[in-house]
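Engineer: Questions regarding the structure given below will be posed in turn.
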């Protein structure tokens with residue numbers, strides 16, 4: 001039996017990362033045992049399946065770049081994100097499930113294609129390629145991502161002082177002023193953690209989430225527990241911008257304070273930490289999903305993607 005192609009291998013890695021992240025019972029999020037009123041676990045499963053072929057496509061374009069047959073600026077990462085989000089929307093009826101995750105993982109897929117590795121990837125080298133991918137984006141990429149955001153229609157978008165997604169003139173302004181997607185995300189990085197990851201070389205994904213997951217997996221903790229523990233660690237240090245946009249930064253900081261208390265009690269390794277975690281989960285679910293730490297979940301999916309690309313298998 002022939003091994004899967006490099007592009008197929010990468011797409012499987014990223015699909016598995018999404019499935020592992022979605023399955024873990026993280027506080028305030030959909031999981032294998034918890035649903036929202038209109039968004040359920042199966043919606044995330046369908047979304048992961050829909051996304052897989054686009055990760056494969058992104059990896060294939062990275063391979064073409066590595067062969068010298070395409071400049072990285074011509075990868076059309078925005079178009080891949082737009083088409084992926086549109087297909088996810090067509091495959092399930094649970095609303096926005098993976099917008100942030102797709103925006104984070106698509107450049108990783110391209111970067112993996114650009115590397116010489118075919119199975120286990122060197123994470124520092126992968127990170128260098130990711131930086132090149134996001135910094136080489138174009139105005140056309142920005143327009144396509146705006147279209148993707150409109151398709152997903154995430155809650156809590158609010159209004160921006162410049163290039164507001166809700167302003168129908170923004171996309172034309174982007175093209176006229178030749179503002180790349182990277183530059184657009186630089187404008188938004190202060191209030192959106194996904195944008196901040198793009199313009200800061202995926203700091204939280206590579207420097208916080210991935211090392212934590214790796215450390216705990218090596219400590220023989222099962223992947224679900226490792227995922228939840230890492231989720232709490234990231235949330236404790238970085239207020240969730242999805243919560244901040246839907247409510248306020250103060251509320252997001254309050255939730256991060258609760259996460260720090262869980263860690264101080266020993267996290268999932270102690271009975272007291274587990275009780276505190278359950279209380280936080282209950283608190284986050286009482287407010288019609290306004291306190292859903294969805295951006296933190298996206299970051300964890302990114303960290304899991306790195307683990308799987310580096311060779312982790314359940």
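Engineer: Once you have a ≥ b ≥ c as the square roots of the Cα gyration tensor eigenvalues for segment 132-286, tell me rounded if a/c is under 1.5, and otherwise prolate or oblate according to whether a/b is larger than b/c.
Structural biologist: Numbers: a/c = 3.07, a/b = 1.87, b/c = 1.64.
Prolate is the answer for segment 132-286, as a/c is 1.5 or above and a/b outweighs b/c.
Engineer: Compute for segment 217-268: radius of gyration divided by Kirkwood radius, i.e. Rg/Rh, restricted to C-alpha atoms, rounded to two decimals.
Structural biologist: Rounded to two decimals, Rg/Rh equals 1.07.
Engineer: Taking the inverse of the average 1/r across all pairs of different Cα atoms in segment 81-208, what Kirkwood radius in Å do you get?
Structural biologist: 15.4
Engineer: Hey, fewest Cβ within 10 Å first, where do 91, 198 land in order? Write out the running numbers ahead of the final one.
Structural biologist: Numbers: 91 17, 198 26.
Least crowded to most crowded, the residues run 91, 198.
Engineer: Along Cα→Cβ, 7 Å out, is where each label goes; now give me the distance between the ones at residue 264 and residue 167 in nm to one decimal.
Structural biologist: 4.3
Engineer: Hey, another quick one. For segment 50-121, calculate the relative contact order in percent as a whole number, restricting contacts to Cα pairs under 8 Å that are 6 or more residues apart.
Structural biologist: Answer for segment 50-121 is 51 percent.
Engineer: Take 241, 97, 270 and order them by how many other Cβ atoms sit within 10 Å, fewest up front.
Structural biologist: 270, 241, 97
Engineer: Just need the relative contact order of the chain here, percent rounded to a whole number, with Cα pairs under 8 Å and 6+ apart.
Structural biologist: 23
Engineer: If R₀ is 25 angstrom, what is the calculated FRET efficiency for the pair residue 86 and residue 155, using the beta carbon separation as r and rounding to 0.05?
Structural biologist: 0.85
Engineer: Another question about this same structure. Give me the extension gain from residue 283 to residue 74: residue separation times 0.36 nm, minus the current Cα-Cα distance, reported in nm with one decimal.
Structural biologist: On the way: separation 209, 0.36 × 209 = 75.24 nm, distance 4.56 nm.
Gain in length upon complete extension: 70.7 nm.
Engineer: While we're on this one: I'd like the projected area of segment 49-93, averaged over all directions, using the convex hull of its alpha carbons. Report it in nm² with one decimal.
Structural biologist: Working: hull surface 11.5 nm².
Spelled out: convex hull of the Cα atoms, projected over all directions, averaged, 2.9 nm².
Engineer: Moving on to the next point. Got the relative contact order for segment 107-170 handy, in percent, Cα pairs under 8 Å and 6 or more residues apart?
Structural biologist: On the way: 24 pairs, mean separation 16.2, N = 64.
Rounded, it is 25 percent for segment 107-170.
Engineer: Right, here's the next one. Go through 23-32, 206-215, 301-310 and give me the packing order, highest mean Cβ count within 10 Å leading.
Structural biologist: Going from most to least packed, we get 301-310, 23-32, 206-215.
Engineer: Å³ per residue of the Cα convex hull, for segment 237-314?
Structural biologist: 107
Engineer: Give the whole-number value, in cubic angstrom per residue, of the convex hull volume spanned by the C-alpha atoms of segment 139-211.
Structural biologist: 95
Engineer: Using only DSSP helix segments of four residues or longer, with each worth -39500 (n - 2.57), what per-residue ellipticity at 222 nm results for the chain after dividing by its residue count and rounding to 500?
Structural biologist: Counting only the DSSP helices, I get -20500 deg cm²/dmol.
Engineer: Going 7 Å from the Cα of residue 132 toward and past its Cβ, which residues in segment 98-122 have a backbone nitrogen under 20 Å from where you end up?
Structural biologist: Residues passing the 20 Å test: 104-122.
Engineer: Between residue 35 and residue 203, take the C-beta separation as r, use R0 = 35 Å, and let me know the FRET efficiency to the nearest 0.05.
Structural biologist: Using R0 = 35 Å, I get an efficiency of 0.65.
Engineer: In units of 2.2 N^0.38 Å, what is the alpha-carbon radius of gyration of the chain?
Structural biologist: After normalising by residue count via 2.2 N^0.38 Å, the value is 0.95.
Engineer: If you don't mind, another one. Quick one: work out Rg over Rh on the C-alpha atoms of segment 1-134, Rh as Kirkwood radius.
Structural biologist: Checking Rg against Rh, the ratio lands at 1.00.
Every number here is computed from the coordinates shown, using simple stated rules; none is lab data. All of these numbers come straight from a predicted model, not from anything done at the bench. Don't worry about glycine lacking a Cβ; one is built from the backbone with ideal geometry, like all the others, and counts go over all protein chains shown.
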